[in-house]
Structure formats: C-alpha cells, structure tokens
1. Translational diffusion coefficient, Stokes-Einstein: compute it for the range B:374-467 using the Kirkwood radius over C-alpha pairs as Rh, at 10 °C and 1.306 mPa s, and state it as an integer in µm² s⁻¹.
2. Give the residue list of GluC sites (Glu not before Pro) in the range B:344-398 that are DSSP loop and have at most 14 other beta-carbon atoms within 10 angstrom.
3. Would you calculate a helix-derived [θ] at 222 nm for the protein assembly as shown, using -39,500 (n - 2.57) for each DSSP H run of n ≥ 4 and dividing by the full residue count, to the nearest 500?
4. Give me a comma-separated list of calculated 3J(HN,Hα) values for the range B:329-346, in order, Karplus coefficients 6.51, -1.76, 1.60 applied at θ = phi - 60°, integers in Hz, x for any Gly or Pro.
5. Could you pull out every one of the aspartates and glutamates with an alpha carbon less than 16 Å from that of B:K322, ignoring same-chain neighbours closer than 8 positions?
6. Can you list the residues, at least 5 places off or on another chain, whose amide H is less than 5 Å from the amide H of B:K334, using H built in the peptide plane?
7. Across the range B:148-224, how many lysine pairs, 8 or more positions apart or on different chains, have C-alpha atoms separated by under 28 Å? Please give the number.
8. 5 Å is the cut-off here: which amide hydrogens, built 1.01 Å from N in the peptide plane, fall below it relative to B:A215, excluding neighbours closer than 5 in sequence?
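Laboratory data are not the source of any read-out in this text; all were calculated from the coordinates shown. Every value quoted in this text rests on a predicted model; they were computed, and no experiment measured them. Using ideal geometry, Cβ is built from the backbone for each residue, glycine included, and neighbour counts are taken over all protein chains shown.
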Amino acid sequence: MKFKLKSQLFDSEFLKKLEQLVITSKITLADGASGNRKSRAKGSSVEFSDYREYSIGDDFKRIDWNAYGRFEKLFIKLFMEEREAPIHIFLDNSKSMDWGEPNKSIASRRLAAALSYISLSSYDRVSLVCMNNTVDKYKPDLRGKNSFSQILNLMEDLEYTGTTDIYNTVSKFNLKGGRGISIVISDLFSGGKLIDMIKYLQFKKQEVYICHVLAPQEVEPEIGMSLRLVDSETGEFIDVTASPDLIKSYKKVYKRFITNIEEICKSRGVNYIFLESSLPIEKMVGMVVNRV
Amino acid sequence: MTFYNPWAFLGLVAVPAIIIMYLLKQKHNDYTVSSLFLWEEVLKDLEANAPWQKLKRNLLMILQIITALLLVFALARPFLNAVGSDVPHVMVVIDTSLSMKATDVGGSRFEEAKSRANKLISNLKPGTSVTLISMGKNVNIEENLSTNKARLIDKLVKLQVSNSTSNTEDAKDLISSIIKQNPETRVVLFGDSRMDIPGVNVEFSKISNNGDNFAVTMMSHTKTEKGITVLSRISNYSSGDANVPVSLYVDKNVFDAKNVFIKKGETANVYWDGISPDVSLIETRIDLNDSLAVDNSAWNAVNNTKENKVLLVSKSNVFIEKVAGLYNGIELYKTGFESIDEWKGYDLYIFDGFLPDKLPDDGNIMVFNPDENKLFEVVESVEYPAVKEMDETIFRYAEGFDFSIGKTKILKAPTWGREILEVTDGCAAFSGIFDNRRVIVFGFDIHNTDLPLTPAFPIIMANSFDWLLPESVNNAQNVYCGEGIEFNLGLNTREAFVETPSGEMLKIAPPFPAKIFDSTDEPGMYTLIQKSADDEQKFYFTVNVPSQSESNLIQSETLDNDGTNQPSKEEGARTVNTGMDLRSILLWLIVVVLLIEWWVYTNGV
C-alpha cells in the first residue's frame with residue numbers, strides 16, 4: 001500500500017498499523033455489520049463487483065472455480081449488495097476539536113481514516129462528511145482501497161474552524177443509500193440535541209456509532225491559578241479562580257455530561273464509545289470495531 | 001454616636017481606590033479551552049449551589065474594603081454616648097480599705113474595682129476630665145481634673161489596697177468641696193459600701209459577693225504569776241455556723257491549737273494559758289481559707305516592762321507614797337530637800353513643797369506646792385478657791401471634780417505649759433514639756449485638800465504617772481494598720497529606728513522629737529530600736545488589721561440601723577452607665593478581618 005504522505009499525521013507507521021487493523025478487524029466488521037445486509041440482498045439482482053481470496057469461513061458456494069482453474073488459487077466472487085455496506089463517517093472539524101494534548105483533531109482524523117480504510121478494505125462504501133456548524137467537506141461513496149488516498153488528502157487538508165453544531169448539522173444532512181452505518185466522531189460540545197440527531201439517523205435506518213473523543217485535559221482539567229478561559233471556537237471567555245471547589249464542580253458537570261450522553265445512547269440502542277485522545281489508534285479502532 | 005475626628009471620613013476614598021486597584025489588577029492569564037460548554041455549566045452549578053460564589057470570588061477585595069471602612073471609622077474616633085454620661089467632669093472614687101482585699105469577687109474586690117474604673121475611664125467621652133480619688137486611711141487625690149486617659153489609667157493601675165479602714169468622712173468632705181467647685185460632676189464610687197453625701201448623687205458600683213470570712217477581731221494578753229494569758233476573740237462573719245481551727249503561735253512557733261465552734265454572726269473568746277513570760281511575740285491565727293486572708297492573724301508584742309525609778313523629794317507625804325506604791329512599775333525612792341547630789345538616774349522626780357533652782361539633768365518632773373522659782377511664776381496664795389471642772393487627760397475616768405482645796409498657790413503657766421486645773425483666782429496646776437522633759441506642777445499641798453479622801457485621787461495620780469512615765473510607744477497594743485504612732489523616745493536616745501515586720505529599717509530620729517510614725521500598713525510585729533551612747537534598747541509593738549470594722553464582708557456592703565443586713569437599694573446599679581469608645585472594638589475587628597483575609601489568601605478559598 002503506497003500513499004503519498006503530506007504530513008506526519010498519517011505516517012508510514014500509521015499505514016502499517018492500518019494493514020494490521022484490517023487483518024484483525026475485518027472479520028469482525030464483516031460478520032457483525034454485514035450479517036443483516038446479506039439477508040436484505042437475497043432475491044435481489046446480484047451484480048458482480050470484485051474477487052477476493054478465499055479465507056476460512058467463506059461460503060464454498062461462492063468460490064469461483066474458473067478462477068481457481070486459471071490461477072490455482074481460491075477466489076470468492078463478491079457481489080455489490082454483499083460488500084457494500086454504506087458507511088457514513090461524520091467527522092467533527094469544529095475548532096474545539098483542534099485542542100488538547102494529544103490533539104483531538106489528530107486522534108479523530110486517524111480514527112476516521114482507520115475506520116475508512118478498514119471499511120474500504122471490506123468493500124464497503126464509505127462516505128466521509130466533515131462538518132462543524134455546516135457540512136464542510138464531503139466525500140461520498142468511496143469504494144475500494146484506492147479511494148483511500150482521497151480520504152487521506154481530505155484529512156491532511158482539513159481545517160478546523162467554526163463552532164460545533166454537529167447534532168443539527170447531521171440532522172439536516174441529506175443521508176442517502178438506505179440502511180447503513182453512521183459513525184459520528186466528535187467531542188460533542190455541540191448545541192442542539194443529541195437525541196434529535198440519533199432519531200434522524202435511526203429514521204434513515206442507520207446503525208449509529210458515536211465516538212466521543214475528548215482530550216485528557218478535558219477529563220482532568222489542569223488549572224492552578226486565576227485564569228481567563230477562552231473558548232477556542234467563539235473567543236468568548238470566562239474568568240475563573242482555580243480552587244478545589246471549581247475542579248470538584250467541573251468533575252461533577254463532566255460526569256453529568258457523559259452520563260447524560262450514555263443514557264441517551266443506551267435508551268436509543270446507540271453504540272457509544274468514549275475515546276480519550278491519548279489512546280493509541282489500534283486501541284481506539286479496537287474499541288470501535290468490537291462494537292460493530 | 002459621636003465622631004470626634006470626622007475628618008477621618010475623607011479616608012473613605014480608599015474604598016473606590018481599592019475597587020479600582022482590583023479592576024486594574026484583575027488580569028487573568030488567558031487559557032484557551034476547546035469549549036466553554038462545560039465550564040459555563042460549572043459556573044452555573046457553583047452559583048446555584050452557593051449564591052455567594054460571586055462574592056466569594058471577590059472575597060479578598062470585600063475584606064479589604066471592610067478593613068478600610070473599619071480603619072476609617074476607628075480613625076474617626078466613634079463614641080457611643082450613654083444616657084446620663086454626658087458630663088464634663090467625672091470623679092472616680094476607689095475604696096482602698098482592707099475589705100477590698102476580699103477575694104469573693106474576681107481576683108479581689110480591689111482588682112475588680114480597678115477594672116471597672118478602668119472601663120469607665122476608657123469609655124468616657126474624649127475631653128471629659130476625671131478626678132481620681134483613693135479612699136483609704138487617707139483620702140488622696142491621685143489625679144485632678146485630668147483628661148489624659150493613659151495617665152489616669154496608669155495612676156489607677158498603680159493604686160494599692162491598704163490594710164486600714166477607709167476614712168469616709170474625709171472622703172465626703174473632699175467630694176463635697178470638689179462638687180462645690182465643679183457642680184457638673186458625676187461621682188462614681190467603686191467599693192463595697194455605699195456612701196451617702198447629702199445633695200450629691202453618688203453612683204455606687206457595688207463590688208461584693210457577700211464572701212464568707214472569719215477574723216481575729218481582738219487579741220490581748222496579761223502577765224500573771226503563772227505566765228502570760230492570752231485572750232483571742234474570733235468572729236464568724238460567714239453565712240453559717242462553723243468550727244473554726246485556731247492556733248496560737250509564740251515567737252513564731254506553734255504553741256497550741258483549738259477548734260472553736262462559732263455560730264453565724266457571733267464572736268467567741270478563746271483563752272490561752274501557761275505561756276512563758278519570756279516570749280516577745282504572740283500570734284493568733286485562724287487556719288481556714290476564707291475570702292479575706294489578712295484578718296486571719298493578729299499579733300501581740302510582749303515587752304519586759306522595766307521598773308521606773310521615781311524619787312520623791314519631800315519632808316513627808318504618805319499619800320503620794322501610798323499611791324505610788326499602787327502603781328505598777330514604779331520603784332519609789334524618798335529623800336529630803338538637802339540631798340541634791342543624789343538627784344540623778346531617776347525617771348521621775350516628785351518635788352513636794354519645794355523646787356530646786358537647778359533641775360536634775362534627767363527625768364521628768366512633778367511638783368506640788370512650789371515656792372518661788374526660776375522655772376515659772378508663782379502669783380499668790382489663795383484659800384478655799386472654787387475648783388472648775390476641766391476636761392483634761394489627767395482627770396479622765398475620775399468621775400466629777402468632787403474635791404475641795406483649802407489653800408493653793410496661783411500659778412502662771414509658762415509658754416511651754418498648759419493649764420490643767422483652774423480655780424476661781426487662776427491656774428492651780430499646769431503641765432508641759434520643758435527642755436524635752438515632761439513637767440506637771442500642782443499649786444497646792446495634797447494635805448491642804450480633801451483629794452486623797454476621794455476615789456478620784458489614785459486615778460488622777462495614775463493618769464499623771466501615765467503621762468510622766470510614758471511607754472516608748474503610746475497605746476502599743478492597739479495600733480491598727482495605717483494609724484500613726486507617737487514614740488516617746490528616751491532622753492539619752494541619739495538615734496532611733498523602727499524595724500518593720502518585713503525587716504525594713506526605718507530611721508525615725510534624729511531630728512527630735514520623732515515625727516509621728518505612720519508607715520504601719522503592714523500588719524505584724526515592729527521593733528523600736530533606740531540607740532544611746534552606750535546602750536541599745538528594743539521595744540516591740542504590733543500592728544493589727546482593723547478587723548472589727550473591716551472583716552464583716554457582708555456588713556461592709558450595707559447595714560441598716562438595726563445592724564441587720566438589708567438588700568442594697570443599689571442592687572440594680574452594679575453596672576455604672578458608661579458611654580463606649582468604639583475605637584478599640586473597631587481595631588480588634590480590623591485584626592480579625594485581617595486574619596480572615598490572610599486565611600482566605602493562604603487557603604485560596
């Protein structure tokens with residue numbers, strides 16, 4: 001796999017890891033995500049799409065014996081309906097995501113890239129939507145690994161601006177392609193209502209995954225003096241004097257924030273994955289694909 | 001409320017200054033966060049949980065403003081006026097008598113009195129003049145019309161309580177005369193007994209808790225053949241009957257101890273026998289803790305009375321011989337007129353019908369029926385004069401002047417003498433001190449009167465001997481603390497000292513005659529030491545506390561005419577109305593606020 005690398009965001013080591021992730025994550029992703037989709041494909045027109053090597057567990061019936069005769073290798077015929085799970089990845093690129101140490105933007109982009117790559121590798125159709133308070137960038141219907149470079153390019157050039165309004169923006173997004181998977185990657189510091197977004201996505205027959213990415217400093221704030229806290233998105237500020245009470249109160253509010261999201265997700269049967277930006281990418285991906 | 005330095009309110013500009021400084025100072029370091037999404041919630045949460053959070057954030061500033069305000073108020077000298085305290089002059093009278101040593105109130109009544117007076121003076125309106133009077137044996141103006149509180153309080157603190165009674169009469173006179181000069185005067189008495197002065201409203205700050213007390217109210221001794229017998233009178237001034245342990249100490253060693261049952265308010269006599277006549281100091285002591293410790297002891301000094309040598313120069317006078325023989329302590333010698341060379345070494349010379357041209361070098365003189373002489377003038381001789389009754393010391397205890405004189409010489413009292421017996425034609429007797437010796441001259445011959453036939457004769461003679469043969473210390477057994485003592489120093493004495501119970505040596509002479517000795521505030525045994533050229537004589541005397549008048553702590557509070565304790569009319573007036581100088585309170589508040597500020601600052605609240 002060779003891609004042109006613009007920056008260190010997606011270095012060669014990251015790409016190597018992606019390959020490994022594909023191997024370890026593929027089956028799970030295929031089994032888990034495609035099970036439903038296969039039953040939907042029965043009886044409908046079967047359009048040939050691609051071959052892939054046989055691997056243990058594949059249906060013998062689908063082995064292309066002609067190809068075997070020619071290459072002496074077992075290949076499986078892939079058909080459109082089987083492999084194309086339409087996956088929408090909604091990546092929050094508001095300014096608030098460009099914060100933290102390690103930076104949430106890096107962690108979230110890597111996660112988005114990794115999930116895209118794994119999906120593309122599984123012959124799923126990936127749509128990447130970068131959004132803040134509007135849809136900023138949109139790469140629809142990418143197929144095959146070759147499309148991954150587009151994703152990389154988009155990620156490399158992605159700018160973090162605007163305010164977080166991912167709930168409203170997703171709710172207004174014209175989601176096409178029927179049943180599928182929607183993965184939202186955001187810090188969820190968003191106006192609007194999470195429940196509205198979930199309802200909308202579920203209405204669009206999406207299986208929803210919410211990847212909640214926060215920086216360690218947002219989990220455990222490190223302030224020890226009188227500060228003017230400036231909002232990275234709006235430039236608004238509030239003055240605080242660091243005190244045990246303040247930190248205690250922050251933790252209380254933070255816990256309420258997380259619990260609230262968890263409860264909404266649970267009540268709607270949404271997969272909620274909390275991810276700290278300090279986690280290694282393989283672990284992040286693991287946490288996501290294990291849910292998928 | 002009055003502010004005595006309203007200019008200080010200009011300092012209020014400090015308040016906006018502090019606020020401005022805070023506004024300028026409050027530059028928070030910018031810290032960019034991803035979003036204020038959670039932080040806004042945090043602030044809402046904090047403010048919802050504690051509505052004063054906003055205040056809390058500015059707590060230091062608020063504390064500093066409070067400090068500044070308190071400081072400005074303190075500098076403005078605020079004074080809370082009390083009703084009736086607005087007078088230009090306050091007279092503070094402190095009772096310094098013995099009963100103020102009682103410990104039934106606080107540390108002692110006296111300390112409490114000083115503390116209350118201190119409070120009164122401290123809280124007086126600035127500019128009020130104060131006269132501080134101590135009322136003990138002597139009534140002293142410690143500070144007159146002073147507006148200097150520090151000085152007044154210094155004087156007040158240095159006041160000492162005495163062991164004597166308080167001279168209320170002198171105090172009343174003094175207060176009355178001051179009031180005449182300053183009619184707008186408020187008089188406040190801090191003590192344990194009220195003082196009523198006609199026409200003067202004396203505010204009484206009563207300092208008494210009716211403490212239980214026992215006292216040795218009297219002690220005396222007599223020498224008998226069996227030794228010394230001591231009488232101690234022990235009084236129970238407590239609120240109940242009591243068994244009182246009493247000890248007798250002889251020369252500072254325990255001689256005997258008894259338990260005496262005394263009913264409430266009564267006095268018991270305790271006798272002690274068989275004490276050796278050689279002792280010099282006897283002490284009665286009550287071994288009990290009570291409210292007033294100093295009256296639990298009384299002392300008596302035992303002096304070996306020397307015999308006075310008396311020379312009677314007479315042809316024959318059986319009456320004088322007999323009466324002198326009755327008088328204790330007289331060793332009588334007789335001689336004729338001619339033996340002038342023998343007139344030496346006697347304490348008293350009695351010249352009967354004769355007075356030599358040259359008086360003996362020593363001793364006092366008593367003369368009957370003198371001839372013409374150089375010492376005084378004999379005017380004439382009269383018969384059957386009428387005797388005028390005179391109130392003289394030598395006639396005390398002699399009831400009436402029921403005697404007649406057949407013949408007497410009329411004398412002219414010299415400048416150093418004073419008439420003591422007057423008859424129709426002039427002076428029949430005089431007394432005086434001439435050349436440092438005591439002289440009594442009677443113009444008549446005893447034989448020409450019926451005086452020897454009257455019961456008054458031995459009394460008059462004894463009185464005369466008392467005066468002519470004085471003890472070194474007058475009334476030595478009955479000296480109370482604070483009282484003055486007159487010493488009768490011997491003619492040969494060159495130097496005289498008094499050693500106090502604490503061992504201090506006080507020189508009392510020369511110059512002669514010795515002044516009245518009044519350093520008697522310390523109870524116990526004193527020693528008069530007279531030094532002559534070749535001799536040193538010691539005379540012991542004791543000074544006791546005036547327990548009879550001071551030991552009844554309940555009585556000293558207030559007594560009705562029938563002697564029963566009555567609730568004081570001033571019961572409700574224990575606290576004397578004072579204004580209040582708020583400065584000290586404000587300064588304390590400043591300290592408290594500064595401490596809070598320091599705590600807030602260090603704890604980062």
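1. Values: Rh = 13.5 Å.
The estimated diffusion coefficient comes to 118 µm²/s.
2. Here the sparse-neighbourhood loop sites are B:E372, B:E389.
3. Working: 21 runs with 255 residues, N = 897.
Counting only the DSSP helices, I get -9000 deg cm²/dmol.
4. x, 10, 10, 8, 10, 10, 7, x, 5, 7, 7, 5, 5, 8, 7, 7, x, 10
5. B:E331, B:D352, B:D445, B:D450
6. B:L312
7. Here the count comes out as 12.
8. B:S235, B:Y237
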